[in-house]
Amino acid sequence: MAEQTVQESRREKVSVFLKQHEQWSAWGFYTLMSGLILYCTSHTVNSVLMAPLIGIMQLYALKLCSLYVRRSTAAAIAGLYFAATPFYTIHPGVLCMCLQVVVLYHVLVWARGKRQEFRPRHIVVLGLSVGITLLLLPAAAVFYAPVAALMLRCNSRSRLLSVAILTAAVALPLYVLFSGSWNPAAIHPSIPGISSALAIVIVLLLFLPGAVAIRRSRPERRYITLGLLALAWVLAIPQPPGWTYFYPLCLPSLLGLALLLHRKVTDRRLRYLLRAFGLLLPFITLCATLVLPIYRQANPCPPSPTTRQP
């Protein structure tokens, strides 16, 4: 009886799927925190639109982490991922990054779960992500090519229906472009790219610990998922669309580091301290966003001395 109680308590520690009220609470929390941060970083006009979007991305980041670790550790990793919020700008790359996190979650749910095929809603989300990305930032759409191939391969019994759903979902956003009501040249700002050498280093450094987490999938799917995601991020190296393309790779990387620390670090107090730091990081990020402008105003940089020429 005692052993059964211990086993049930261990099962309750790891939450494969978040409950409905937990998802709403997490989305509201991240939306509020991101809205405050965006308001403090001078994005007052569009923070109302950006905050719910970042909240959705953080919610799926939390759901993704919950596939591998317990709730508290998943929230800590999502807090680490949230630390980049002050660097977000009103740019199409941020929207494409959010869509990439959502699709990444659907891929890892398949890799961890028992279902052989992807559900129609997964294909709809993939098609809308492809269409919106082609509309806003075409260079970032290469991420979805291996994912689409995987979904169509797994849905062999209903492949024609899956192709029809995917085509319709992709065509829906692109209809706005071909109808003439969308002018990309007028509202599409330039995104700073990164060099191919730097992109290769980033992918290697992040993917190695990320492979530790991805390998915890079902045995028959772990190598398929590893190769799929590696190809999805490597495809953009010849045409780097910016740092937002590679930032979702931080999620499996942080998960792999957390799993390695859980295995190597035996001191519970240190693990609790690291988990508490991740949980408090959204509040630390908000406080830093509030304090830094005040500090800069109180301590302005002295003007550089000018040399007089004879």
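The values are calculated or read from the model by the stated rules, or taken from the named source; none is laboratory data. Everything quoted here is computed from the prediction, not taken from an experiment. Neighbour counts run over all protein chains shown; Cβ positions are idealised from the backbone, glycine included. When the accessible area is computed, the model is the full protein with side chains, heavy atoms only, and any ligands, DNA or RNA have been set aside. Shrake-Rupley method; radii C 1.70, N 1.55, O 1.52, S 1.80 Å.
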Residues satisfying the stated conditions in region 4-34, i.e. part of a helix (DSSP H, G or I) and modelled with pLDDT under 60:
Gln4, Thr5, Val6, Gln7, Glu8, Ser9, Arg10, Arg11, Glu12, Lys13
Residue check: is Leu274 in contact (Cβ under 8 Å) with a residue 12 or more places away in the chain and open to solvent by less than 60 Å² (accessible area, probe 1.4 Å)?
no
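Just one of Ile202, Ile214, Ile224 is modelled with pLDDT of 90 or more, of a type in the set (A, V, I, L, M, F, W, C) and open to solvent by less than 30 Å² (accessible area, probe 1.4 Å); which is it?
On the way: Ile202 fails: open to solvent by less than 30 Å² (accessible area, probe 1.4 Å); Ile224 fails: open to solvent by less than 30 Å² (accessible area, probe 1.4 Å).
Exactly one residue qualifies, and that residue is Ile214.
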Evaluate the following for Ile37: is it among the hydrophobic types (A, V, I, L, M, F, W, C), over 18 Å from Ala288 (Cβ atoms) and part of a helix (DSSP H, G or I)?
no
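Mind telling me which of the residues Arg153, Arg112, Arg121, Arg159 ends up being more than 17 Å from the chain's Cα centre (by Cα), surrounded by 15 or more Cβ atoms within 10 Å (Cβ to Cβ) and basic (Lys, Arg)?
Numbers: Arg153 fails: surrounded by 15 or more Cβ atoms within 10 Å (Cβ to Cβ); Arg121 fails: surrounded by 15 or more Cβ atoms within 10 Å (Cβ to Cβ); Arg159 fails: surrounded by 15 or more Cβ atoms within 10 Å (Cβ to Cβ).
Every option except Arg112 fails the conditions.
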